[in-house]
Structure formats: C-alpha cells, structure tokens
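Here's the structure we're looking at; comments come further down.
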Amino acid sequence: VWPLFDPTMYLGNGEVKSSAVVKYSAAPPSTYALPEEKTDLKLPPANWLRENPQLGSAVLGSSSKSKPFSRFLIYYLTDGLYHPQNIKKLLKIPYSKSHVSMAVHRVGRTLLVDELDIQELFRRSSQTGDWTWLKDFYQRLNDQKWQRKKKSKEHWYQKAILSKFLYYSINGDGAAEPVLDNMNEGDDDKNAEECSSSWPATFTSPSDAQESEIPEQGLRNDFVRNIMWTFEDIHMLVGSNMPIFGGGRYPAVSLKLRDSNKPINILTGIDYWLDNLMCNVPELVMCFHVNGIVQKYEMIKTEDIPHLENSTFSTRVVKDIAQNILSFLKSNCTKEGHTYWLFKASGSDIVKLYDLTTLCEEAEEEKYQNPFTLPVAVLLYKVASNLMLKTRQNRKHYGPVRTLLLNCIKLLDQERHPQIIASAYYMLSELFQLNEPSEDDGGESLRAGGSEDSYSDEDRVEEEEEEDLTEDSDENSSFSNGSKLQDDSKAVAVIRSVGELSVPEKYKSTHQIRPSGSFPVSQDKEERCRHILSYVLLGLKAVDGSIKKESDLPAADPNTPIPLKYEDGASAAEKGISLLLERGQSTFNQKHPTRSGMIPGSWQYHMKMQLFLKASKAYYVLSDAATNLLKYGRALRYIKLSMQCYDAYCSVNGTLSPQVLQFHSQCLSLCGDIQLMLAQNANNRAAYLEEYSYQTKDDQEILHSLHRESSCQAFNMVTDLAMDPEYQLFVSSKCYEAAHELLISEALRDDNSDQLPQLLKRLGNIRNEMGVFYMNQAAALQTDKEVKKPVSTTEQELWKKSFSFFEKGMGDFEAIGDKTNTALLLCNTGRLMRICAQAHCTTLADESRGEFSPEEALYYNKAIDYYLSAMRSLGSRETHPAVWDSVNWELSTTYFTLATLLQDFAPLSRKAQEQIEREVTEAMIKSLKYCDLQTESARQPLYQYRAATIHHRLASMYHSCFRNQVGDEHLRKQHRSLAELHYSKAVSLFLSLKEAPCELLRTLLERVAFAEFTMAGQSSSLTKLKSLTGAMEIMTEAHHAFRLIQKELLENRPAASESALCSDMAATPGLDLPEVTKLIGVFEPSFCFLLLQIIKLMATGKRKQSGKDEETLKTYKSVYSKLLRADKSAALPDRIQLYIELLLQLTPQPGSDSTERRDQ
C-alpha cells in the first residue's frame, strides 16, 4: 500500500473538506515522461500494448460481464460503496440531461451504488422471454421503445488516442502482455478474488461458474485501488482505476488529454475535479492536441479546476448535491436485501426511486427472478465473512454479522442455493463462542453495543476509517413515502426537480436504523450451545437437501447383527473399547462417495465435516456444564451425542488433524470423568437414567442427519448408561487410557504439555478407584465368611487386581511428580496388605484363633514397608499435613496390631518366648514412636488412648516377665523397673483422657497387684509396710476412675462392649457394665487385703507409734470397718459412691483438695 500525499485537502477557500485513505492498491504511482510537442498520437508507440499492461482497462474500461460488486473490497459501516463513474454521475445529475440508472442496496448503514444497465439486461433475457413485466414497466416510464445506444467511431478514436498517449507517457522498461482484438472485454475477476473472503467455506454461485468459463482477455489493471474517501461528513469507499503518475517535482499527478478545438464544459470539469479529489491527487497535467498532434501542456492545481474558463462551478453546490443525494437514498432505501432502482429519464428533471424486489414479488409468475437476489445475498455473505475476521477482537460485530447472515438466508431459496445457506448457518453457529468469558471475568458485554443496532458510534473499529456521521432528523422532510406523485404509485420516492438537489439541506435523512431484534446474549453455556446446535441443524438440512431426499437413507443390512452391550462380559467390552483408538488414529483416503452419496472434495463434503465437528464441540461443552452441575445422566447423554457427531466426522474425513485428535482426547477424558461419577453415585441411578433418556427434537434431527453418514455406534460401549459400578469404572479407565494413547501418539507428542499431566492424574485416580473397589470386595468376602476358611481363589484374584491397579496408578502419579497422590496409593496398598494378612490368620479345630502365622507377619511387614515408602514420598508433614497424618496413623496402627497379635497369639511353636517378647517390644515402641501426642488434631485423643494402651501392655508384659523370671537377678530388676515405668505412664495417659475409666481401673489394679507381689518377697516388716503403703497410694487413685464411672451412670449413657486390643479405633462412648462389675469384683478384695495387712503391720510393729501414726491407723480401721459392713446387694451407683468416699478418706488432705479441684 502506497501512502497518500496530503491526508486532508481544503479546496475553494475552505469551502469543501476532503480526505482520502488508500485501503488497497495494486501498485504505487508510475513514473512518467510527457510526450514532446508535435508528437503524433495517432501513431502507436513502440511499447503500445506491450509494456505496462496495467494501462489497458484503465483506458478501455472493464468488462460488462464482471461479477456484481466484485470491484469493491468490502468495508462495513461506511455511508456508501461507489465506482467513481457512478458517484460522478450522481453528483452531476443537476448539470446533465442524460439518463441515470443506478441499483442501490442497503447493507447495514452502508449504501452500495452500482450501475444498472437495464437495456443490457433486457438484451440478454430477450432470447428466453423473461422480464416482460420489467420491460413493459420501463417502456411506460420512457413512453417510447427502448433501444441500445451504439458506440460511435469517434468514441473509439478518442479511446485509441488516449491509450497511445498514456503509453507514450510511461517512463521505464515495463514488460507488456499481448492484447487480443476484442480488448474491451476486460476481466475484473482477479480483483474480485482479492476482495472476496474464503472463510469459512468457499462456494461458487451459478453466475460465477458461467463467468469462469469465459477466457481471460484484455489487460491487467495495476492501477486499481480502493479508497476510503471522506467528502465533508460523508464516508464513501470508492473503487478507482484512474492512472496516477509520479516522479521528479510532482509526486502525484493525473494526466488528461483534451482536443484543443473542444472547450472544457462544466461536466468535464466536475469529472476532473472529483477524480483528483477521490484519489487525493494535488495536480492535473492537461495535454492539448489537434487531430492527434500534441500542442502544449498545462499544469492545473486541483483546487483551481472549479474556476477554469467555461467550466466554472461551485464546490459548495457539489457538496450540497452529495449530501442531498445521500440523505434521499438513506431515507428511502431502508430494507436490507432489497434492490432499489434510481432512475432519471433522458432530458427529464424528475428522479424516481423504485423497489425492484417488491415489484418482482408482485409478478407472481416470476416471483423468484430478481436478477440482484443472488448478488446481494453473496454481498451480504462476504461482508459478514470479513466482519467475522474481526469478531475475535471486537465482539460488538456479532450483531451486525447475525443480521447480515439472516438477511442473506431470507433472500435465497434453499433448493437453488444450498451452499450459501449452509455456509451462512455455519457462520451463525460460529458467532456463539464456546469458550466465551463471562462479564464478571472482564469480558466485554455484548449488550453494550452488540445488538442488531450495530451502526452506532461504538461499532467503529478504526477511528480514521469510520468517523461519526451526523444524521439530522427532520419529520417535516420534503420527501417521504407520502410525497409520491399521483401519476406514479410504483415509485418509493420522487425528486420533483433536480434543481432541488442544489438547495442546501433540502433533503435530510429521516430514517433512523432500529434493531429488528437483539442478538441473543446469554452467559449460560447451555443456552449458547443450543443456539449453535439449532444453526448446525439448519446447515445440515441444507446440505442433506442438496444430496438426497431423506427417504433415500440407506436401509439396514438384515444380515448384520446389531451389537449388544453385554455380549460376553469383559471380552465384548474390550472389543467395543478398541474402537476408541481406531477412530482416533486411523487414516484413509476417501475416494468413493460417502454413505449418503457425497463426493469427496465437494462443498457438501467440506461443509458437513465442519458442521459435524462444530456440533460435537457444542455437545462437549454441554456435557462439561452438566458435569459441573452434578447432572451426570444428562452429561453422559451429551457426551454420547458429541462422540456420535465425532464418529460421523471420522466416517467422512479420513485424515484427522492434531487439533481434532486433541479434541477427541478431551471427549474421552470427559467421558471417563462422567462414568467415574456415575459409579461413585450409584444411589441416584434412577434420576440419572431419566436424564439420560430425555432427548430434544433438535437432538433427534441432528442424530438423523448423522445416520446418513455413519451408524454412530463406534463409541456406544463407553457412552451407554450401565447399571454395574464395576463396568462403569472399567469403562472410565479405558476412556482415560485411550485418551492417553492419543496424547502420546506421534501426532500430538509435541502439543500436549498442558493436557497430559491432567490426564495422567485422572488415569492415576481411576486406577486408585478400581484398586479400592477390588480391595473392598476382598474385605467384604472376609466379613461374609461365617467360619474362617483358607484363602479362596476369588480372594486372591481380587488382591491381584487391586494390587495391579495400585501399582499402575503409582506409576502415573510418579510420572508427573505428584508426591501426595503417590503417597495415598502407597497407603492404600499398605491397607491391601493388611487385608491379606487378616485373611491368613489360622483357625483351630474349635474355631478359635490360632497362633500368629508367618503369612500374617509377612503381609503386615509389607504393609509397614508401603507406609514407610509413603512417608518417604511426602518427605515432611509440611508437604500435605492431612495425608501425612493419615499415613502416620496407619503406620502406628499396623505396628500396634502386629505387636498385639504377637503378644496375644504368640507363635510359641516356632519362636522362643524371649524372641517374641523382643519383637513385641520392638513393634510397640515403633507404634509409640508414630503416636503424635503433641499436634492438636481430631486424632489426638486416639493417639493418647493408643499410647496409654501400649504402655499398659508393655507394663503387663514386664510384670509377667518379672513374676516368671528365676535366677537372673539383674534381669529381674530391669523388668521391675520397666514395669513400674510403663504402669506410671499408662496411668498418667488414662487420667488425662477421662474417657477410659475401665482401662484406668484395670491398670491401677494390675499395678497394685505388682506392688503386692513385690512385697511377698520381702522379709522386713518395715519394708513390707512401706511397700503396702505405696500400694495403698496407688489404690487411692482409683477414685478418679470411680468418679468417671459414676458420671457415666448418672448420665444413663448406653453401655457398649468394645475391645481396644486389636481395634484401630478407640472405644466408643458408653460404659461396659459387665466389665465394671468384674473390675469391682477384683477391686474390693484387693482393697480389703491391703487395709488388713497395713492394720496388722502397724498394730504389731515394734517401733513406738507417734500421734500421727495412731491417727492413720484409726483411719485405716474405720475404712476397713465400713468396707466390711457394706451391703453387698446394694445398687452399683451406691457401692461406687461408697468406694469414692472411702478412698477419699485415705487420700492425704492436700492431695484430696487438689484432686477435688482437678475433678471439678
């Protein structure tokens, strides 16, 4: 594009303001050399018709057979589109007596003005007899028979001289192309090709097809340019082919050839002035000749042209004419898609405007014979197509595009122009962006200016191109529909006298463009997708109607069975799943007609592919939205329709692009998500089935169109609603696997950096789900066994499946460095190992539990290894506190269970007692190590209970060792010390819990028994008394346990029996009354025994008692007396109350006070 010189030119002392901006130019100005004086222009120069062939059509004119409107590069939102000759003819109406015949079309706010050679139209149609109504109408207007004017010899003589003059003026060695004799048959097709848009689908109209058969003749025109011309406040896009030359002191001039014997008239002056004005050329070089002999040259500035002798005119009058003409047309050419005819008869002063579209419709026998219907429809399509290229940057164009396309569709008959209609419907579907941001996300609201009232100031894309056009409203305008002349009721509007056009502001635009309906704007994805699918359906109907009738659908083959979902369990499923990759990776060359009869490469073929893919994407978005709303039945229905559309697309298109393959991967991934959710929400299966079965009429019709190309059964196995959760998990897994195979395929290997990690995470998750599913099934089999039996083959198969899925899932998460999920799968694998261990426990003949088996030990140790690996994967608690705490708890539980089983069901037949004790101690200590007593969490009381139980068990074990150990005094002392230590810690932890009174009482009684056993080996009375006094101090702490028991009894909490030895959870709230009774049965004799022994030793002691000792002895006797006289048949709460009172009497007062305060 070459720059213009002065962007704004003020002419006539500021009377007129004009500026021009080149939007397209074939070449920059050519350099020139003026022919010398006395040059004979009748003689051809050496380069004539050989060099610079761009001069050809500039001189000879373009072919009358050129495509309608092809000379314009369409720009929307201007006031008009004009050819220079047409705009000059309009502006010269008041000065000329010649006839005017123009076709006018409204496109949005833009008026397209083109010459309407009606006589040429009649000449072409005379052979067929068409357009008789228009011929008669035209003859009535002229009141004479029409005849075509022939070009005179003088005309062709002047053309030849001008051509040779321009070739003489060329300065340079340009290669020329030969020109055929019939050089007046120029071709503008190349310009049309440059101006037309090939997006989104190319089509060839019948008229285009005919013209393409005409051989290319004439010369190329490299002077063609499209200029955005602003004349005062009028914006016009002008197509010009005027030769412009430059060089030396004159960067841009236009060359004109004049006969010295013929003075310049006002029409010629206006011509020259407007030519330079439109192209923003500052100067004109006039070459005068006599009989072809060059006489002289004259340089004239553009602003001086209106003041030439014999050619004086007012630029303000021309400006007023332009404004009045535009206002007249804008006010009366109001219907988009209609063809208006601006007509002035030769020698007449009256200008009339007719609506040819309405006149054509009134002639019923030729209702669809409007010659401009197809060109106007194609024009609307091309404008919409160019605007579509801007919609990504400016969404305000959505409304205008929709209006243009709907008007285009209204103009056309679907049976005659299905290609344009199908393309228009596809473009309409493209208006609704599937990934459109919401207004809350900062997206520009369509309501701000995206309605069909798209011609407001906000719709301008470039300020310099589309400045505001001031339109004054005047209800008292001198012309309107009601101002028609009585003798011509057919005219839309009439200018009674051309002289009125020279009156300033005689005509003002009264037509204000109003929206005929706002663009359907919705932030709801489902509504947007429904609009898309409705247009896709209409497009498919247009394509299908051009191929075959709907009754011509291929019939089903009676020899081909219909595949069933559950043909043979997993084998049938595997066969169906295999199609996932076949549809995604197979390529073939489509050479034969498709199932419906489409020919590969045809417009139907390409359009159907685009419509199928668009529908598939719309259904995908609908499915994703339904998934987010937890409507999984609806989501499965939509993803099924999406994959059916994709199946039909694959049936038509043999080669799939990487973008399409990536979309297929996304569909499979979403299908996997939905099937997984259905498996996890089996309770709502009835509601999901109802959602899945529903189908709209549009869905049914789209499916009917799909069946014209494919059976659409390739993905039935993954999109059917199954009732079996295991099958749904299996389908979900296969969907993810197929999607993963696509992403790592050669076609997508370099474009899946974002999608692959997410898919691997999904793949790892579904494998975890399947592993958990089979693990739970194996655990359920153990629970359902009435009698412990050896491990069955079914259990082993379930273990293998579960372990295999866990192992694959870990590999998926490790591939993306997901340490947290890797730790979770390791934790689940550890749980599987514990289930395996529980299944291997031995059972004796009396159905009692046997010794701890080696298999149990093996699987428990494997579980420990997996838990330790999980902790190593996490690294520290900061990585993911919740997962870390869970793994930590499971590891502590496993060690505790292993130690408990070793202790309770010691394998004495295989191992020595000492070895078992060492293993138990080691496991208990490790379990204690992972008891997190410091971190405040929901599990803290559970950790405290477990730690207290561990200390109690270790104390009991060392107590037993101390009782049974003989000989090794050092070892006995060690066991005694350890027993005391663990009893002390157990009591302390149980006291802090305040929720385990039975465990606290049992621990205290065992500790008292341990003290009594220690006393039995002592010989000194003083030592025995000291030991018994210590045991009594331990016994007095039992009042804490009795207080807790009393509280439970008073609250009437239900009793529950729960063993805390092998349980992974703490005892449930409640009181075990049988256990309480049993412990009281142990407590009372032990308490009596201690009291009696202390009283004896204190009474028989040789040492003289002090007053304090006597008081203490008296207290012991009183307590002993009350205990002996207590009613053995009293209620349990009464007996407990008595024990509390007696124990408090023996408790030292400061301790009692502190105890009371602590209890409170």
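The values are calculated or read from the model by the stated rules, or taken from the named source; none is laboratory data. Since we're looking at a predicted model, the values are computed, not measured. All Cβ positions, glycine included, derive from the backbone under ideal geometry; neighbour counts span all protein chains shown. Remember, those area values only see protein heavy atoms, side chains included, never the ligands or the DNA or RNA. Shrake-Rupley method; radii C 1.70, N 1.55, O 1.52, S 1.80 Å.
Does Glu890 count as touching a residue at least 40 places away in the same chain (Cβ under 8 Å), open to solvent by 30 Å² or more (accessible area, probe 1.4 Å) and assigned to a helix (DSSP H, G or I)?
yes
Which one of the conditions (1) in a helix (DSSP H, G or I); (2) touching a residue at least 24 places away in the same chain (Cβ under 8 Å); (3) over 19 Å from Ala948 (Cα atoms); (4) open to solvent by 10 Å² or more (accessible area, probe 1.4 Å) does Tyr867 fail to meet, given that it meets all the rest?
All conditions pass for Tyr867, except number (4).
Specify the residue that is modelled with the lowest pLDDT; the eligible residues are those in segment 219-258 that are among the charged types (D, E, K, R) and within 17 Å of Tyr297 (Cα to Cα). Lay out the reasoning, then the answer.
Looking only at segment 219-258, we keep the residues that are among the charged types (D, E, K, R), and these are 220, 222, 225, 232-233, 249, 256, 258.
In the following step, the residues that additionally are within 17 Å of Tyr297 (Cα to Cα) were identified as 249, 256, 258.
Details: Arg249: 64, Lys256: 88, Arg258: 88.
So, considering only residues that are among the charged types (D, E, K, R) and within 17 Å of Tyr297 (Cα to Cα), the one modelled with the lowest pLDDT is Arg249.
Take segment 795-824 and flag every residue that is farther than 17 Å from Ala870 by Cα and not aromatic (Phe, Trp, Tyr).
Listed by number, the residues that qualify are Glu795, Gln796, Glu797, Leu798, Lys800, Lys801, Ser802, Ser804.
Name the residues in segment 959-975 that are under 25 Å from Ala1041 (Cα atoms) and either touching a residue at least 12 places away in the same chain (Cβ under 8 Å) or open to solvent by 70 Å² or more (accessible area, probe 1.4 Å) (or both), would you?
Residue satisfying the conditions is His959 alone.
Counting just the residues of segment 635-687 that are more than 27 Å from Met770 (Cβ to Cβ) and not in a helix (DSSP H, G or I), which one comes out least open to solvent (accessible area, probe 1.4 Å)?
Going through the qualifying residues, I end up with Gly654.
Run down Ile300, Ile293, Ile305 and say which single residue is of a type in the set (Val, Ile, Thr) and open to solvent by 40 Å² or more (accessible area, probe 1.4 Å). Let's see the steps before the verdict.
Numbers: Ile300 fails: open to solvent by 40 Å² or more (accessible area, probe 1.4 Å); Ile305 fails: open to solvent by 40 Å² or more (accessible area, probe 1.4 Å).
Being of a type in the set (Val, Ile, Thr) and open to solvent by 40 Å² or more (accessible area, probe 1.4 Å) holds for just one of Ile300, Ile293, Ile305, which is Ile293.
List the pairs whose first member sits in segment 113-142 and is aromatic (Phe, Trp, Tyr), whose second member is open to solvent by less than 40 Å² (accessible area, probe 1.4 Å) and modelled with pLDDT under 75, and whose Cβ atoms are under 6 Å apart, counting only residues at least 6 apart or on separate chains?
Partner pairs satisfying both residue conditions: Phe122/Lys135; Trp131/Ser125; Trp133/Ala363.
Out of the residues in segment 834-848 that are outside any loop (DSSP other than H, G, I, E, B) and within 12 Å of Lys785 (Cβ to Cβ), which is least open to solvent (accessible area, probe 1.4 Å)?
Looking at the filtered set, the residue picked out is Ala839.
Please work out if Leu630 is surrounded by fewer than 22 Cβ atoms within 10 Å (Cβ to Cβ) and among the aliphatic types (A, V, I, L, M).
In short, yes.
Within segment 994-1005, work out how many residues are surrounded by fewer than 19 Cβ atoms within 10 Å (Cβ to Cβ) and either at negative phi or in contact with a Ser or Thr (Cβ under 7 Å, 6 or more places away or on another chain) (or both). Before you say what the answer is, go through the steps one by one.
Filtering segment 994-1005 for residues surrounded by fewer than 19 Cβ atoms within 10 Å (Cβ to Cβ) gives 994-995.
Within this subset, residues satisfying the condition of being either at negative phi or in contact with a Ser or Thr (Cβ under 7 Å, 6 or more places away or on another chain) (or both) are 995.
Summing the residues that are surrounded by fewer than 19 Cβ atoms within 10 Å (Cβ to Cβ) and either at negative phi or in contact with a Ser or Thr (Cβ under 7 Å, 6 or more places away or on another chain) (or both) in segment 994-1005 gives 1.
Under 6 Å between Cβ atoms, which residue pairs at least 6 apart in sequence (or on different chains) link something in segment 718-736 that is in a loop (DSSP other than H, G, I, E, B) with a partner that is open to solvent by 10 Å² or more (accessible area, probe 1.4 Å)?
Asp720/Lys565; Leu721/Tyr692
So, in segment 810-838, how many residues would count as being among the polar types (S, T, N, Q) and closer than 14 Å to Ala779 by Cα?
Summing the residues that are among the polar types (S, T, N, Q) and closer than 14 Å to Ala779 by Cα in segment 810-838 gives 3.
Out of Leu1049, Leu991, I need the residue that is hydrophobic (A, V, I, L, M, F, W, C), touching a residue at least 12 places away in the same chain (Cβ under 8 Å), surrounded by fewer than 19 Cβ atoms within 10 Å (Cβ to Cβ) and farther than 29 Å from Trp889 by Cβ. Which one?
Criteria check complete, one pass: Leu1049.
For (1) at pLDDT 75 or above; (2) open to solvent by less than 20 Å² (accessible area, probe 1.4 Å), each residue gets a yes or a no:
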{"residue": "Asp349", "(1), (2)": "yes, no"}
{"residue": "Glu361", "(1), (2)": "no, no"}
{"residue": "Glu365", "(1), (2)": "no, no"}
{"residue": "Leu380", "(1), (2)": "yes, yes"}
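Any chance you could count how many residues in segment 1018-1043 are among the aliphatic types (A, V, I, L, M) and either open to solvent by 40 Å² or more (accessible area, probe 1.4 Å) or farther than 17 Å from Leu1143 by Cα (or both)?
Selection size over segment 1018-1043: 2.
For segment 693-713, which positions are surrounded by fewer than 21 Cβ atoms within 10 Å (Cβ to Cβ) and of a type outside the set (Asp, Glu)?
Within segment 693-713, Ser693, Tyr694, Gln695, Thr696, Lys697, Gln700, Leu703, His704, His707, Ser711, Cys712, Gln713 meet the criteria.
Can you tell me which condition Glu855 does not meet? The list is (1) in contact (Cβ under 8 Å) with a residue 24 or more places away in the chain; (2) acidic (Asp, Glu); (3) outside any loop (DSSP other than H, G, I, E, B), and all the others hold.
Single failed check for Glu855: (1).
Keeping to segment 768-827, report how many residues are β-branched (Val, Ile, Thr) and open to solvent by less than 40 Å² (accessible area, probe 1.4 Å).
Summing the residues that are β-branched (Val, Ile, Thr) and open to solvent by less than 40 Å² (accessible area, probe 1.4 Å) in segment 768-827 gives 4.
Modelled with pLDDT of 55 or more, in contact with a Phe, Trp or Tyr (Cβ under 7 Å, 6 or more places away or on another chain) and either open to solvent by less than 20 Å² (accessible area, probe 1.4 Å) or in a helix (DSSP H, G or I) (or both) - does that describe any residue in segment 58-78?
Within segment 58-78, none of the residues are modelled with pLDDT of 55 or more, in contact with a Phe, Trp or Tyr (Cβ under 7 Å, 6 or more places away or on another chain) and either open to solvent by less than 20 Å² (accessible area, probe 1.4 Å) or in a helix (DSSP H, G or I) (or both).
Taking Gly442 as meeting all but one of (1) at pLDDT below 50; (2) surrounded by 24 or more Cβ atoms within 10 Å (Cβ to Cβ), write down the number of the exception.
Unmet for Gly442, out of (1) at pLDDT below 50; (2) surrounded by 24 or more Cβ atoms within 10 Å (Cβ to Cβ): (2).
Based on what the data block shows, is Arg910 surrounded by 15 or more Cβ atoms within 10 Å (Cβ to Cβ) and not in a helix (DSSP H, G or I)?
The answer is no for Arg910.
Filter segment 722-743 down to the residues that are more than 25 Å from the chain's Cα centre (by Cα) and not aromatic (Phe, Trp, Tyr) and list them by number. Even if it seems obvious, please write down each step before you answer.
Taking segment 722-743 and keeping what is more than 25 Å from the chain's Cα centre (by Cα), we get 722-730.
Within segment 722-743, Ala722, Met723, Asp724, Pro725, Glu726, Gln728, Leu729 meet the criteria.
Output the residues belonging to segment 703-717 that are within 28 Å of Lys541 (Cβ to Cβ) and outside any loop (DSSP other than H, G, I, E, B).
First pass over segment 703-717, keeping only residues within 28 Å of Lys541 (Cβ to Cβ): 703-716.
Scanning segment 703-717 gives Leu703, His704, Ser705, Leu706, Asn716.
Pairs, please: C-beta under 7 Å, at least 6 apart or cross-chain, first residue within 24 Å of Glu505 (Cβ to Cβ) and in segment 303-319, second open to solvent by 20 Å² or more (accessible area, probe 1.4 Å)?
Pro306/Thr312; Phe313/Ile266; Thr315/Glu15; Arg316/Glu15; Val317/Ser502; Lys319/Glu232
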